[in-house]
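Every number here is computed from the coordinates shown, using simple stated rules; none is lab data. These numbers come from a predicted model, not from an experiment. All Cβ positions, glycine included, derive from the backbone under ideal geometry; neighbour counts span all protein chains shown.
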2 protein chains.
Amino acid sequence: MKLPIAAVGRSIPRLEAHAKVTGHAAYVHNLSVPGMLIAKVFRSTVAHGRIRSIDVTAARAMLGVFAVYTGEDIRKVIAEPYYGPAFHDQPILALDKVRYAGEPVAVVLAVDTHVAEAAAQLISAEYDELPAVFNEVEAMTSTAVVHEVLKPAGTFADLKHLKNKSGTNIALDFHLRRGDVDKAFATADHVFEHNFRTQQVLHLPLEPFATVAIPEGDRKSGTLTLHSSTQSPSFVRIEIARLLGWPENKVRVKVPYLGGGFGAKVYIKSEALAAACAMLARRPVKFATTMEEQFYMITKHATTLRIKSGVTRDGKITARECEVWWNGGAYADIGPRVTQKSGFTAAGPYEIDNVKIDSYALYTNLPAAGALRGFGIPQLVWAYESHTEMIARELKIDPLAIRRTNLLREGRPQATGTLMRDAALGQVLERLATRMQWDKPLDRGTETLRRGRGIAIGFKASISPTTSMAIVNINADGSCHLYSSTVDMGQGSDTAMAQMVSEVIGVPVQKITVVHPDTDVTPYDMATLGSRSTYHMGHAVKNAAEDARDKLFAMARELGLSAETTPIPDVFKKKYGMQAGNIVGVGSFIPPYTSPDANGQTTDATPFWMIGATGAEVEVDIETGEFKVTRLVNLVDVGKAINPAIVETQISGATIMQLGFTLTEQMNFDAGHVTNASLADYKIPGIRDIPPLMENEAVDANQKSGPFGAKGVGESGTFGVSPAIANAIDDAVGVRLTSLPLTAEAVYRGLRNKAGNPLRND
Amino acid sequence: MKLPIAAVGRSIPRLEAHAKVTGHAAYVHNLSVPGMLIAKVFRSTVAHGRIRSIDVTAARAMLGVFAVYTGEDIRKVIAEPYYGPAFHDQPILALDKVRYAGEPVAVVLAVDTHVAEAAAQLISAEYDELPAVFNEVEAMTSTAVVHEVLKPAGTFADLKHLKNKSGTNIALDFHLRRGDVDKAFATADHVFEHNFRTQQVLHLPLEPFATVAIPEGDRKSGTLTLHSSTQSPSFVRIEIARLLGWPENKVRVKVPYLGGGFGAKVYIKSEALAAACAMLARRPVKFATTMEEQFYMITKHATTLRIKSGVTRDGKITARECEVWWNGGAYADIGPRVTQKSGFTAAGPYEIDNVKIDSYALYTNLPAAGALRGFGIPQLVWAYESHTEMIARELKIDPLAIRRTNLLREGRPQATGTLMRDAALGQVLERLATRMQWDKPLDRGTETLRRGRGIAIGFKASISPTTSMAIVNINADGSCHLYSSTVDMGQGSDTAMAQMVSEVIGVPVQKITVVHPDTDVTPYDMATLGSRSTYHMGHAVKNAAEDARDKLFAMARELGLSAETTPIPDVFKKKYGMQAGNIVGVGSFIPPYTSPDANGQTTDATPFWMIGATGAEVEVDIETGEFKVTRLVNLVDVGKAINPAIVETQISGATIMQLGFTLTEQMNFDAGHVTNASLADYKIPGIRDIPPLMENEAVDANQKSGPFGAKGVGESGTFGVSPAIANAIDDAVGVRLTSLPLTAEAVYRGLRNKAGNPLRND
């Protein structure tokens, strides 16, 4: 039956391309069911305060309003209405107090969006304001405490090892110790220390959050179906079942296409409120946010980073100390895991004998921060690749050379002690050097338009240990169904997974249907996040396909048929006497993993390493500080690409997204209020913001432990962008920027400072 | 993990009861999707004719009409637009000619039902009428030929052995020969021969036919999803894929709850037209029939039956010859299989050494006939149990005694030669005798209100060989999902299947979700028909649950846990480190089967036998012929009941349904036109038509080859009703009726004949 298909490694067009370009693709926002009510939220106007009263009278009286609920109403259907993946800290609607400006305080259910919005505007609330804290470093010691009591969820075994401190804003502190940094600093030729900062930014998928919750039966024995724009249907099922006190089979989570996710839609977001409203109203409820409301849902962590290195005179790093403060906002979401899982790579992809890392997840009175493409890594790379460059410049060592000297080589121990395996750091760096023609001098531009170049390289561990499962079902005519809970949110996973099935079973991709996530159907998958799916789900899919193929071959042989040459339909017809039957293969995957000890040491931190490097060329107007990124070269290690064309778009997408975070995107706050909560005021990259030269390349590598040699790629393009550009600006005009975003104003201030003529407010 | 649950054998309330009584249950009729068009059909006004012209101009011009299609339009998307399970004989819309009055000739797609109906009334057509044939016996020799060429579908391997004759109306003829009837008749003490007839009736599920067809993508590479009220989602997928020339994975068939089926909704009905319209319009299309339109969709076969027996003077039947003419209407549907699969039991549940059966599937110019609860058996039992009683009365042998004498006993050969196994014929007959207090004389009533009693016993083979598959998926919290394509159309299969899973895995039924049929998800099942599901799907479900349980136990042991005592969630947590993972078990079942030879002989005709017997008591007004069924006692062999309460409702339902066919239901025709196509004119049993005494009992039996000892029960209650009542009338007033329905008028005519004073038109 095995045809010479070789589906893996080919740039097959995306399975859903036609449906999307013709507008047939289904999204939750477009879903309407009979009797459905629309939910609109009334939000807090203070950043921190005790709720004195909420007046919903006028809203309730409005024609077309079905109900108005506050936090206390939620308790009628959910006794403990707090949710979250790491902590059960987030109330579905505020209870007792509000913790950020924009927090949902009440919800209107009405016959349509217009009525719901109008009614929500009739709600008012009074608060006794409390002192608030906004900065992550201040949160370490502030007497303004966001959560009086911390309630760890117990979901992740790893997080139990880490301390969280009730009565403080520290949700979690992670510490890694390797060697003796103090001793090493004392004996180092040079010690450098720098501070960096990154701003709060947003995921902004073009499809905002949306859930349609449909209750059936009664509160006690009924069921609840959620159609949701989630990246983690399995988790939503578990969490909603927990909130309702139901077994998992009573909650069904279905995910159609997603209009982007980027980490915004992981774990639980719009689902909790939609579910609670549906249970209260006993009617289907749609809770769909506007673009603007995304500014109050989930953000990327702003960070403060301190990094200190001991270095020999020839540039060998002997010790590195990192402190990272993650601004988690008012609710932990998955922040503690960012703190831990990204924390352990804070010293960079370098072999350093003495490492000390302290990483803190902090509560503040801002919108909650969670996972965003890179899961904290772009912040860390920003710091360590700026810092590394600053050392090189100080020591007058070529930026490429200092990286070559220190880079972690195959088989060498990373800061956790885990040995590097199948991590093409060297290859990525060398391909970057080649493509940038680093050995040739750069054209330095004109007197006023100065040119410079910079490079940066970063790495990331995969989140571990996590489980994926898949089922492959071969139909009697030889077509197949793949049941997988991986969410195709635009990254092309459906196509890649179908290619893997095609490769194993030997049927063309067109005969393979990928069944979209539906927790009543598709088996467990931890979530679609952290670039884990190609590797983890890929393994599960490969295992399931191989299981199905083995069963098919066995059936053929039992019937006295040649397993290799009999067409699939003939095997079924001989077995069942007509076009009938299925062959069902099951696959699961969980990588080996060893929990880190108290010093963050483990032999098995991750099943694979993601590697991304960027080279940037810039042109800076020395008179105005304005600069242009004229070239971006992005190199990644994806192992073997399952679908090279899709890999290419993943690199592009990640790079352009990080370009926005590097140059233009920034949430502005005034006393905790977002002051630019609209796409008119918050500038994401448009087509004209893409550098005229942008080159993406997946190096020729092989993740030997991966399915078909593949590993994840969704985030690798983000790693090096920010420091490469900052390093290029420094190279061009000698101005070092240490805060994101990089703006013409900051460059201009730097130029004035450098000239000994600072602006008056500097 | 195994709890002492003992779910099997308990009368657990139906899983869907709450959803149904509160109106939450979803039906296709209530489904609405954005952009959906409504289809309404324009039907033929002649019973047989060549289409001269169809005028759709006015309909097309109507505001709100999207399109009007005729048969020729269908060819644009389906080159050969003929469908059917046994023959590819039925055009989606009439092509060239019409074959019955009521046949769909054109279809309107419009924005709503009202516009569609109004537009359909603006269509007109002209025909060149052809001679028509309506009676099944006349069809044998009529020169009015309904189909010039016969096109067997090739779906069922068995049907290939049987002849069908192009140029005649004989779709299929089945012949069984055992011993030598002619020789036996020559030597018999007595030979009796009688003729019987049954009328054309309807299934009339309270939910008429409905399909919503949703196209996605383009015609070549797209997909089509059908939400349909079908009993056979797997078959619909195969048939629609065949029509469109697509692989099966491109067609998805989803079935929500069904409001009854009774065989009306097997194979392919409203799906073909809905699919074709959706493909032409590139828009979602709903084709839902009215109650009235059911009269033109599918009926039960009217039959003429001739039965002749050779008998010894003490009542031993030595030879039996049966001829059955099945009125199949204009399209074969599954009629040929009725002819064959029921044909071989036409001689009754008696051990008879010499048997000759000729069974003919005939085309006529009436609405098509197909499967209806009993699949032809009630017609056969009507004949052979009336005939047996007439012999007994003639020979003055007690009706119970003659049956005792001839009944097929365990291990003895049925007419096909297949030995009877686990067929509690004797037990059923004896329990019936006991409950009827047959040994005590009946109170014979008054001079004018005469009382009588009658019994009848029938049996049925299961359709064979057919395949069922199931998947059982255990979630990390111990709850389970069962994926099964069995359609719960009210018979309670979801509950019964969940009980089997519960029994095997040891979790309560409430923690088990039965995933409704969805061909992208639930694996192949031949269909929900012929009372096959409890046995076939039951086996598949049991096998799947056992497979899952074995894997769970193996996983526990691998982890060093006690398989028997560790709670399921603890096994998963230890394996996956968090609430994660699934265990997936797969089960399939196909019974052993041997195709009959040219004489209808086989050692393996059926995996199990269904047995049903009815005792009736009647009171007849000798002055008017009016009669009342005062008591009905229904005995069945279900092996071991999975859910006794549901079995009880199955017996009731079947009995009441057959009571309608016995007493009041009859489609009336005038030149092929149905003259009573409405529930006002066609009387189905209401609550007041149920006999004051109705007793149902499943005898204590055991189908050793069945899952948990169970077998099917959906039809057994229908078998004996009609002849038991006719026999009771005969017992009361000495009037023998040989045609269904049994009416007061027929009794009155009989009384007048008996008195030598016939009505003038008799």
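What FRET efficiency would be calculated for the residue pair B:D180, B:A58, taking the C-beta separation as r and a Förster radius of 60 Å, to the nearest 0.05?
Here the calculated transfer efficiency is 0.35.
Mind checking which lysines have their C-alpha under 17 Å from A:K265, skipping anything on the same chain fewer than 8 residues away?
A:K254, A:K286, A:K300
Just want to confirm a number: the relative contact order over the stretch A:505-616, from Cα pairs under 8 angstrom separated by 6+ residues, in percent.
Across the stretch A:505-616, relative contact order equals 24 percent.
Take a quick pass over the stretch A:466-589 and tell me how many lysine pairs come in under 18 angstrom between Cα atoms, counting only ones 8 or more apart or on separate chains.
5
Test of understanding: express the Cα radius of gyration of the protein assembly as shown as a ratio to 2.2 N^0.38 Å, with N the residue count.
1.06
For the stretch B:202-214, in order, what is each residue's ³J(HN,Hα) by Karplus, 6.51 cos²θ - 1.76 cosθ + 1.60 with θ = phi - 60°, in whole Hz (x at glycine and Pro)?
Whole-Hz 3J(HN,Hα) from phi for the stretch B:202-214: 10, 6, 6, x, 5, 9, x, 5, 7, 9, 10, 10, 10.
Starting from the amide H of A:N696, placed 1.01 Å from N in the peptide plane, find each other amide H under 5 Å away whose residue is 5 or more places distant or on another chain.
A:N634
Most exposed first by the Cβ proxy, i.e. fewest other Cβ within 10 Å, how do B:S462, A:S11 rank?
A:S11, B:S462
What trypsin sites (Lys or Arg not before Pro) in the stretch A:409-454 are in a loop by DSSP, with at most 13 other Cβ atoms within 10 Å of the Cβ?
The qualifying sites are A:R409, A:R444.
From Cα pairs below 8 angstrom and at least 6 apart in sequence, can you work out the relative contact order of the stretch B:653-762, rounded to a whole percent?
30 percent
What FRET efficiency, computed as 1/(1 + (r/R0)^6) with R0 = 41 Å and r the Cβ-Cβ distance, is obtained for B:L449 and B:N676, rounded to the nearest 0.05?
0.85
Grab the DSSP H runs of chain B that are 4 residues or longer, score each as -39,500 (n - 2.57), total them, divide by all residues and round the 222 nm result to the nearest 500 deg cm²/dmol.
After summing the helix terms and dividing by the residues of chain B, the value is -7500 deg cm²/dmol.
Mind sorting B:C480, B:C322 by how few other Cβ atoms lie within 10 Å of their own Cβ, fewest first?
B:C322, B:C480
Give me the base-10 log of I(q)/I(0) for chain B at each q in 0.08, 0.09, 0.10, 0.11 Å⁻¹, Debye formula, one uniform scatterer per Cα, rounded to two decimals.
-0.66, -0.84, -1.02, -1.21
With a cut-off of 8 Å between alpha carbons and a minimum separation of six or more residues, what is the relative contact order of chain A in percent?
This gives 16 percent for chain A.
Shortest first, in nm, what separates the label point of A:K220 from those of the same position in the other copies (7 Å along Cα→Cβ)?
5.9
Under a straight-distance cross-link criterion of Cα-Cα below 29 Å, which lysines are reachable from B:K396, leaving out those fewer than 8 residues away in the same chain?
B:K396 reaches B:K183, B:K308, B:K316, B:K356, B:K440, B:K460, B:K628, B:K754.
For the pair B:R50 and B:N757, how long in nm is the line joining their label points, each one 7 Å along Cα→Cβ?
Placing both labels 7 Å along Cα→Cβ, they lie 5.7 nm apart.
For B:Q510, place a label point 7 Å out from Cα along the Cα→Cβ vector, do the same in each other copy, and report the separations in nm, one decimal, smallest first.
When each copy's label point is compared with this one, the spacings are 5.1 nm.
Within 10 Å of each Cβ in peptide B:472-478, how many partner chain Cβ atoms are there on average? Round it to a whole number, please.
5
With the Cα gyration tensor of the stretch B:1-78 giving a ≥ b ≥ c as the square roots of its eigenvalues, does the rule (a/c under 1.5 for rounded; else a/b larger than b/c for prolate; else oblate) give rounded, prolate or oblate?
Here the stretch B:1-78 falls in the prolate category.
What's the longest piece of chain A with no exposed GluC sites (Glu not before Pro), counting a site as exposed if DSSP puts it in a loop and it has at most 13 other beta carbons within 10 Å?
No qualifying site falls inside A:149-409, the longest such stretch.
Rounded to whole Å, how close does chain B get to the rotation axis onto A by Cβ? Give me the residue too, please?
That would be B:V521, 2.
Take B:L693 and B:E623, extend 7 Å from each Cα along the Cα→Cβ direction, and tell me the distance between the two endpoints in nm.
Result: 2.6 nm between the two label points.
Kindly write out, for the stretch B:602-614 in residue order, the coupling ³J(HN,Hα) from the Karplus curve 6.51 cos²θ - 1.76 cosθ + 1.60 (θ = phi - 60°), rounded to whole Hz, with x marking Gly and Pro.
So the Karplus estimates, Gly and Pro as x, are 7, 8, 9, 6, 7, x, 7, 10, 9, 10, x, 9, 10 Hz.
Sort A:S485, A:S142, B:S595 by Cβ crowding within 10 Å, fewest neighbours at the top.
Ascending number of Cβ neighbours within 10 Å: B:S595, A:S142, A:S485.
Using a 7 Å offset from Cα along the direction of the beta-carbon, what are the separations from A:R60 to the same position in each other copy, nm, ascending?
5.9
Over the alpha carbons of the stretch A:466-589, what is the largest minus smallest coordinate on each principal axis, giving the biggest first in Å?
46, 25, 21
With θ set to phi - 60°, apply the Karplus curve 6.51 cos²θ - 1.76 cosθ + 1.60 along the stretch A:192-199 and write out the HN-Hα couplings as whole Hz, x wherever there is a Gly or Pro.
Coupling constants for the stretch A:192-199: 10, 9, 9, 10, 9, 9, 10, 8 Hz.
Could you work out, residue by residue across A:507-514, how many beta carbons of other chains sit within 10 Å of that residue's beta carbon, and then give the average as an integer?
Across the residues of A:507-514, the mean count of other-chain Cβ atoms within 10 Å is 3.
Could you calculate the FRET efficiency of A:E745 with A:L419 from 1/(1 + (r/R0)^6), where r is the beta carbon distance between them and R0 is 45 Å, rounded to 0.05?
0.50
In the protein assembly as shown, with Lys and Arg counted as +1 and Asp and Glu as -1 at Cβ, which of these residues, A:A25, A:N702, B:L449, has the Cα nearest the positive end of the dipole, that is, farthest along it?
Highest projection toward the positive end goes to A:N702.
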